[in-house]
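Below is one structure, written out as structure tokens; the observations come after it.
The values are calculated or read from the model by the stated rules, or taken from the named source; none is laboratory data. Here the structure is a predicted model, which is why all the values come from computation and not from measurement. Cβ atoms come from the backbone with ideal geometry, glycine included; neighbour counts cover every protein chain shown.
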Amino acid sequence: MNVEYGRKIENKTREAVRAILIKDNKIGIMKVDKFDCYIFPGGGVDEGEDFEVALQREAQEEAGLKINVGEKLLTTSSGEYEFTHINYYYLCEILGETNTSLTELEIGLGIHFEWIDKEDLYEYYLNYQDDTRFGEVNTIVQRSIRSRGHLIMSRLNKMFNWGLEKKWLGKEVEIVFDRPVGFKQKEEYAPYPINYGYIEQIYSLDGAEVDCYYLDSVQPLKTAKGTVVAVVKRLNDVEEKLVVSNLNPTKEEIKNAINFIEKYFNSIIIM
């Protein structure tokens, strides 16, 4: 699966390989203590280097692990600071342990490998708001790390049916409406009966920002804040939709409100 999202930067590209390591209910991850963030094991591919060899090298250097590189599950591509960053995620198997070969810079950053519960990691990547504690450049880098982290966790969630989408429930979000009440996809189509928009800076597997139905107004709005009261899980699509309200709608009320779109999909409502 290939996902292109966010902005593109022409003529300047960096490629990286990442390992997906799963053990029981946990995911192997690199913790960067200095910047209080998590990133999947891996790193940049040297010029002319084979991707599998690069990932095995990075796993040894960073995590002290010998790995078998398996199926590629996701490729992400997005502008990051001054270049387009392409990341290739592979499902891997641990064969054994060895010594790490961290650089002085990596040691200074406090980089180390650990296992984290998959639910905790998914929730970490749902916190999409910018972390501005460490300066402008780091803010941009961490925004990219969180965006692609959410994408790979969404891919794994669909692949293994973990049910992690429930972590959205109860979250306070702000929506930007690109399809407000009265919007028409085409002139011959019926207008939208409710406001429909997206959450900025967090992406779905279709490459677009996460979409939301907003139930609290029949007037066209530009933005609104509310609580995620339901997740619409599409069984025949790559993305979920969020239902946002400050009220307490029933499942039947939600179903009726969003049916103008969801009637075209095989969907279930999770509350």
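Quick notes on this structure:
- Among the residues making up segment 176-200, a single one is of a type in the set (S, T, N, Q) and surrounded by 15 or more Cβ atoms within 10 Å (Cβ to Cβ): N195.
- One residue stands out among those in segment 52-88 that are free of Cβ contacts under 8 Å to residues at least 24 places away in the same chain and outside any helix (DSSP H, G or I): the one that is nearest to the chain's Cα centre (by Cα), which is K72.
- Residue that is farthest from E61 (Cα to Cα) [pool: residues in segment 111-169 that are at pLDDT below 90 and aromatic (F, W, Y)]: Y128
- Complete set of residues in segment 1-24 that are surrounded by 13 or more Cβ atoms within 10 Å (Cβ to Cβ) and over 20 Å from the mean Cα position of the chain (by Cα): I9
- Tallying residues that are over 22 Å from the mean Cα position of the chain (by Cα) and under 16 Å from I145 (Cβ atoms) within segment 25-51 yields 1.
- Residues in segment 232-254 that are in contact with a Ser or Thr (Cβ under 9 Å, 6 or more places away or on another chain), surrounded by 14 or more Cβ atoms within 10 Å (Cβ to Cβ) and either part of a helix (DSSP H, G or I) or not polar (S, T, N, Q) (or both): 10 in all.
- Contact annotation: residue pairs with Cβ atoms under 8 Å, 6 or more positions apart or on different chains, pairing a residue in segment 242-263 that is basic (K, R) with a partner that is modelled with pLDDT of 95 or more, are K251/A230; K251/I269; K251/M271; K255/E262; K255/I269.
- Test: I175 is outside the structural domain of K225 (by TED's automatic domain parsing) and over 13 Å from the mean Cα position of the chain (by Cα): no
- Number of the condition not met by S204 [criteria: (1) touching an Asp or Glu at 6+ places or on another chain (Cβ under 9 Å); (2) over 26 Å from K8 (Cα atoms)]: (2)
- In segment 211-231, the residues that are under 21 Å from K263 (Cβ atoms) and either modelled with pLDDT under 95 or in a strand (DSSP E or B) (or both): D211, C212, Y213, Y214, V218, V229, A230, V231
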